[in-house]
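> Let me give you the structure first, and then I'll get to my questions.
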Amino acid sequence: MTPLLHLSGLTKAYPGVVANDNVGFEIAPGEVHALLGENGAGKSTLVKMIYGLVRPDSGEMRLHGQVFAPHEPREARASGVAMVFQHFSLFEALSVAENIALGMDDAPETDALSDEIRSVSKKYGLTLDPDRMVGDLSAGERQRVEIVRCLLQNPKLLVMDEPTSVLTPQEVDVLFETLRRLRDEGTSILYISHKLEEIRTICDNATILRLGKVVGTCVPAEETSRTMAEMMVGTELKSPTKRPYKPGRVLLDVKNLQLPSKDPFGTSLRDVSFSLHAGEVLGVAGVAGNGQDELLLALSGEELTEDAAITLKGIAIGSKGPNHRRLQGLLAAPEERLGHAAAPDMSLTENALLTGHARQRLTNKGFVKWQATENFARAIIQRFDVRTPGASHAAKSLSGGNLQKFVIGREIMQRPDVLVVNQPTWGVDASAAAFIREALLELAEQGAGVLVISQDLDELMEISDTFAVLAEGRLSRVRSASGVTIEEIGLLMGGTEVDHAAA
Amino acid sequence: MDLSSISPVTLIVSLMAASTPILLAALGELVVEKSGVLNLGVEGMMIIGAVCGFIAAVTTGSPWLGFLFGAICGAAVSMIFAVLTQYLMANQVATGLGLTMFGLGLASLLGHSYTGINPPAFSQIHIPVLSDLPVVGRIVFGHDPMIYFSLALTFAIWYFLTRTRGGLVLRAVGESHDAAHALGYKVIRIRMLAIAFGGACAGLGGAYLSLVRVPQWAEGMTAGAGWIALAIVVFASWKPGRAIIGAYLFGGVTVLQLNLQAAGLAISPAYLSMTPYLATIIVLVIMASDKKRQSLNAPASLGKTFFAST
């Protein structure tokens, strides 16, 4: 049988980096093919070539045996290739139907399109209202918009880039159900992910990329997650060893914290209460947009609340700003690395100064002590294995994983009593993620309280001692992390959305 | 003071004429901003349109050619802005301000020998019977063709933005240029066209000012009308229908204060002349207090430089 898509010798170089080096594999009709690799392995570049956004320097693609060289996405779509993007492809202020029309080359009239959307979404079990504004939809619903947009064009090959990174476990099940139905109808799927369990569940074959090269192929069902991860990373992975948890004294006490959100699409915090003890790693799970950002802002001191709402080591600090809290021992690392945790155009030394100056005494009567600051930055780089030519390089020149190591390292090196981190390993490659988790555990072992807000359940299960879920701005009861199942957490995370998705 | 000297009908008729240049410029800027570009050079493009339209009308004797040439010149100077910001990635705010100053200077140079000349007359339409009706006749059927054109243009822009695929693509580009690019739309090309359209509208508004509203050429005659047009786009929360309300409100206050001056109101004319601008500021402050609604309507990529990374 001729393969649906055959790639051979694809090479694409950018200044200073070869993103794809002689990549080749093939996808049969009705096959779910996984493309596996760490961030920066070249998955995105490869996909962009297939979708016509980037042209290869050399190599050949064949679709149904015919030479396939799309110059733009329109051409790729016309040939039956559709793509569900990870980010950047929906318009929040437009309706579902408008968003879908924008992704089609010959969109019918609005009413006819709305009817089509309803019938396709019904057929594949993807509940969707064409008239709603995309900005009001949950992450799972937004993804359905993208999928329906693709399905309306009867694709032969559906490319999915990290489709589950924003979904609850129940939403993932719904998605997989849809994908299986599509596969049975003969649609091929190219599934890009670094989540190994998912790949084992859904994919027939896998191609593994590392540093732009194909380093192996496998049948995921016959492998374990560990063997695939090691192929992906190229070295053996060590998983952090969990130590027994003995709660110490209460370090951070939050009582009835209320915080109205300032973002029109944000979530207000309602009545959040919890205590964090010395030596505890408290994991806060939840789907993005349920108040995670607001919780971090309230704890870091960027948003002020009533004094009594937040107590640190017995002192009320709810109305105190970030520097005051830092001096008292409460440090935070927000989710967005570029622009929030670090200033992109400033050097690592300057970035080290930004949060470190108060606690590390890096200023003297308003003057910066550059030598001390640079030493501090160097110490972070060395201890946290940040790969960069030097402390004078701009934060934005670092890869995601390296910058994240720097950002987390900068806070840990200040020896906090309480550290709050939001999405510490989001978009970070597997080895850097393991390193960061290890560092957080070590910090807790030394007697600090660590609050980890994350959407990655596997991560939370791995490192948390205690566990709570943030849904629609409310925090669930804190419970012990041992004995909690993924299903239970998923139900808490989804809230009402779960019934909706299953319907 | 004699308030009875102010006739409501005359007031309405003249406020429409006073508002039309601002309305035209505001409509153009609205389309530009919907595509995600903030062009602060409206004042400069308007005055270029005013002087070029005036020169063409005086030279050819045809006000129609004047309007046409004013629009073409407005679009032409807007292309300076477009190339600088879209291809050379210049900062939009700084470039827009530069365009305003450049336009004001160039217009004084071009118009130097045209001060004190009367342009060819651009008369009001006259429909037998209808135009002679009392009150209604003058308010509905007694204007010059450009006023009807500006109203038709408002409707056309509303229709384009909300009902056509082209309008949807334009809004999408203004909402998220990265997403539009990922779907294969030509962000830069769409924005170039929008900027040119905005320039043509501003030029047309300027030409109306020098050919109908004043009608003379005088240095700096736009007197901030371009800035008011920018304010009206915000006031209208990027909706063409509301731009009419904004423009007519401003025009109304302008005409009213002139009438009050003529009627001999015992306030210094200097204060009365300030009222349209004060009214604009007050309305903008009130609008800005409702942040949530405004941020929902504002194009999310407004003023951001687009750089295709792939």
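> Of all residues in segment A:429-456, count the ones that are of a type in the set (A, V, I, L, M), modelled with pLDDT under 90 and in contact with an Asp or Glu (Cβ under 9 Å, 6 or more places away or on another chain).
Counting residues in segment A:429-456 that are of a type in the set (A, V, I, L, M), modelled with pLDDT under 90 and in contact with an Asp or Glu (Cβ under 9 Å, 6 or more places away or on another chain) gives 3.
> Looking only at helices (runs of 4 or more DSSP H) that lie completely in segment A:71-167, which have at least 2 residues being within 25 Å of the chain's Cα centre (by Cα)?
A:96-102, A:139-151
> Please find, among A:444, A:439, A:432, A:448, the residue that is within 15 Å of residue A:337 (Cβ to Cβ) and either touching a residue at least 24 places away in the same chain (Cβ under 8 Å) or among the polar types (S, T, N, Q) (or both).
The conditions single out A:432.
> Please determine whether any residue of segment B:278-285 is over 21 Å from residue B:15 (Cβ atoms) and out of contact with any Ser or Thr (no Cβ under 8 Å at 6 or more places or on another chain).
Scanning segment B:278-285, I find at least one residue that is over 21 Å from residue B:15 (Cβ atoms) and out of contact with any Ser or Thr (no Cβ under 8 Å at 6 or more places or on another chain), so the answer is yes.
> Any idea which of B:135, B:169, B:173 is of a type in the set (A, V, I, L, M) and at pLDDT below 90?
The match here is B:135.
> Take the residues in segment A:342-389 that are part of a loop (DSSP other than H, G, I, E, B) and free of Cβ contacts under 8 Å to residues at least 12 places away in the same chain, then tell me which one is farthest from residue A:211 (Cα to Cα).
So, considering only residues that are part of a loop (DSSP other than H, G, I, E, B) and free of Cβ contacts under 8 Å to residues at least 12 places away in the same chain, the one farthest from residue A:211 (Cα to Cα) is A:365.
> Within segment B:228-258, restricting attention to residues that are in a loop (DSSP other than H, G, I, E, B) and at pLDDT 90 or above, which residue is surrounded by the fewest Cβ atoms within 10 Å (Cβ to Cβ)?
B:239
> Right, something else. Do any residues in segment B:268-287 that are touching a residue at least 24 places away in the same chain (Cβ under 8 Å) and under 13 Å from residue B:249 (Cβ atoms) have Cβ atoms under 7 Å from those of residues that are surrounded by 13 or more Cβ atoms within 10 Å (Cβ to Cβ) and hydroxyl-bearing (Ser, Thr, Tyr), where the two are at least six apart or on different chains, and which pairs are they?
So the pair list comes out as B:276/B:254.
> If you check residue A:433 against the conditions, is it in the same structural domain as residue A:279 (by TED's automatic domain parsing) and buried (at least 18 other Cβ atoms within 10 Å of the Cβ)?
In short, yes.
> Same structure again: Listed residues A:36, A:53; which is under 28 Å from residue B:187 (Cβ atoms), in contact with a helix residue (DSSP H, G or I) (Cβ under 7 Å, 6 or more places away or on another chain) and at pLDDT below 90?
Testing whether each residue is under 28 Å from residue B:187 (Cβ atoms), in contact with a helix residue (DSSP H, G or I) (Cβ under 7 Å, 6 or more places away or on another chain) and at pLDDT below 90 leaves just A:53.
> Where residues in segment B:154-190 are touching a helix residue (DSSP H, G or I) at 6+ places or on another chain (Cβ under 8 Å) and in a loop (DSSP other than H, G, I, E, B), which of them is farthest from the other protein chains (Cβ to nearest Cβ)?
Only one residue fits best here, namely B:185.
> Within segment A:79-124, how many residues are farther than 18 Å from residue A:138 by Cα, free of Cβ contacts under 8 Å to residues at least 12 places away in the same chain and within 13 Å of another protein chain (Cβ to nearest Cβ)?
Total meeting the criteria: 6.
> Do any strands (runs of 3 or more DSSP E) entirely within segment A:217-331 hold 2 or more residues that are surrounded by fewer than 18 Cβ atoms within 10 Å (Cβ to Cβ), in the same structural domain as residue A:471 (by TED's automatic domain parsing) and not basic (Lys, Arg), and if so, which?
Strands (runs of 3 or more DSSP E) meeting the threshold: A:250-259, A:269-277.
> Also, I was wondering about something else. Is there a residue being within 14 Å of chain B (Cβ to nearest Cβ), in contact (Cβ under 8 Å) with a residue 40 or more places away in the chain, in contact with a strand residue (DSSP E or B) (Cβ under 7 Å, 6 or more places away or on another chain) and of a type outside the set (Lys, Arg) anywhere in segment A:33-43?
Yes.
The values are calculated or read from the model by the stated rules, or taken from the named source; none is laboratory data. Keep in mind that this is a model prediction, so the values were computed, not measured. Every residue, glycine as well, gets a Cβ built from its backbone with ideal geometry; the counts of neighbours run over all protein chains shown.
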